[in-house]
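Worksheet for the structure shown next.
The values are calculated or read from the model by the stated rules, or taken from the named source; none is laboratory data. Being a predicted model, the structure only gives us computed values, none of them experimental. In this analysis, Cβ positions are derived from the backbone assuming ideal geometry, glycine residues included, and neighbour counts consider all displayed protein chains. We work out accessible area using only protein heavy atoms, side chains counted, and drop any ligands, DNA or RNA first. Shrake-Rupley method; radii C 1.70, N 1.55, O 1.52, S 1.80 Å.
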Amino acid sequence: MPTTLLNDRHIHPAEFSTWAGARRYHERHRRDRQALDKLRVSIPETGILQPLLIGVRKRDKFAFVYEGHHRAVIALELHLPAIPFQWFWDPQLRDIEAEPFPYRFLGLQPPAVNR
């Protein structure tokens, strides 16, 4: 998924009102700041090893990062072109979807697949 979709209009941070707010929160708290510092080093070396988990609510077409806020903040900071992810229909958290992500809910076309 293109990292540019992690924004305050398309895919939101679940625990924060904005991505800037998520970043500020994580930078202010020692344990979160340490996690960000480790990711700043590891992601350029090895990439994002664990996919973000994204939830999508059918009723209001709201998409949010359920797990992976630290990884998302650093992916945005590093301007990574894409992020690995899995997704689920909220509230069926246990059912990771095998079907393609519903980009249409975001008013978007699916990204082109590199061949």
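What is the residue count in the stretch 94-111 for residues that are touching a helix residue (DSSP H, G or I) at 6+ places or on another chain (Cβ under 6 Å) and assigned to a helix (DSSP H, G or I)?
Within the stretch 94-111, the first condition is being touching a helix residue (DSSP H, G or I) at 6+ places or on another chain (Cβ under 6 Å), and the residues that meet it are 110.
Of the ones still in play, those that are also assigned to a helix (DSSP H, G or I) are none.
Qualifying residue count for the region: 0.
Return the pairs, sorted by first residue and then second, in which the second residue is among the hydroxyl-bearing types (Ser, Thr, Tyr) and modelled with pLDDT of 85 or more, the first residue lies in the stretch 96-115 and is closer than 19 Å to Gln86 by Cβ and open to solvent by less than 90 Å² (accessible area, probe 1.4 Å), the beta carbons are less than 6 Å apart, and the residues are 6+ apart or on different chains.
Pro110/Tyr103
Pairs only if they're at least six apart or on different chains, beta carbon under 9 angstrom, first in the stretch 3-22 and within 22 Å of Gln86 (Cβ to Cβ), second acidic (Asp, Glu); list them, first residue then second.
Cβ pairs passing all conditions: Ala14/Glu67; Trp19/Asp8; Ala22/Glu15.
Please verify whether Gln86 is open to solvent by 50 Å² or more (accessible area, probe 1.4 Å) and part of a strand (DSSP E or B), treating the condition exactly as stated.
Working: open to solvent by 50 Å² or more (accessible area, probe 1.4 Å): yes; part of a strand (DSSP E or B): yes.
Yes: the conditions hold for Gln86.
Residues in the stretch 22-65 that are under 9 Å from the mean Cα position of the chain (by Cα) and either part of a helix (DSSP H, G or I) or surrounded by 19 or more Cβ atoms within 10 Å (Cβ to Cβ) (or both): how many?
Our first condition is that a residue be under 9 Å from the mean Cα position of the chain (by Cα); within the stretch 22-65, this holds for 51-54, 64-65.
Pick out the ones that are also either part of a helix (DSSP H, G or I) or surrounded by 19 or more Cβ atoms within 10 Å (Cβ to Cβ) (or both) and you get 52, 54, 65.
Counting residues in the stretch 22-65 that are under 9 Å from the mean Cα position of the chain (by Cα) and either part of a helix (DSSP H, G or I) or surrounded by 19 or more Cβ atoms within 10 Å (Cβ to Cβ) (or both) gives 3.
Could you tell me which numbered condition Leu36 fails, if it satisfies all but one of (1) at pLDDT 95 or above; (2) closer than 15 Å to Thr4 by Cβ; (3) in contact with a helix residue (DSSP H, G or I) (Cβ under 9 Å, 6 or more places away or on another chain)?
With (1) at pLDDT 95 or above; (2) closer than 15 Å to Thr4 by Cβ; (3) in contact with a helix residue (DSSP H, G or I) (Cβ under 9 Å, 6 or more places away or on another chain) applied to Leu36, the lone miss is (2).
Restricting to the stretch 46-83, name every residue that is in contact (Cβ under 8 Å) with a residue 60 or more places away in the chain and touching a strand residue (DSSP E or B) at 6+ places or on another chain (Cβ under 9 Å). It would help to see each step written out before you state the result.
Just the residues of the stretch 46-83 that are in contact (Cβ under 8 Å) with a residue 60 or more places away in the chain, to begin with: 72, 75-76, 79-83.
Once the filter is applied, which keeps residues that are in contact (Cβ under 8 Å) with a residue 60 or more places away in the chain and touching a strand residue (DSSP E or B) at 6+ places or on another chain (Cβ under 9 Å), the stretch 46-83 yields Ala72, Ala75, Pro81, Ala82, Ile83.
Is it the case that Val73 is assigned to a helix (DSSP H, G or I), exposed (fewer than 15 other Cβ atoms within 10 Å of the Cβ) and of a type in the set (A, V, I, L, M, F, W, C)?
On the way: assigned to a helix (DSSP H, G or I): yes; exposed (fewer than 15 other Cβ atoms within 10 Å of the Cβ): no; of a type in the set (A, V, I, L, M, F, W, C): yes.
No, not satisfied.
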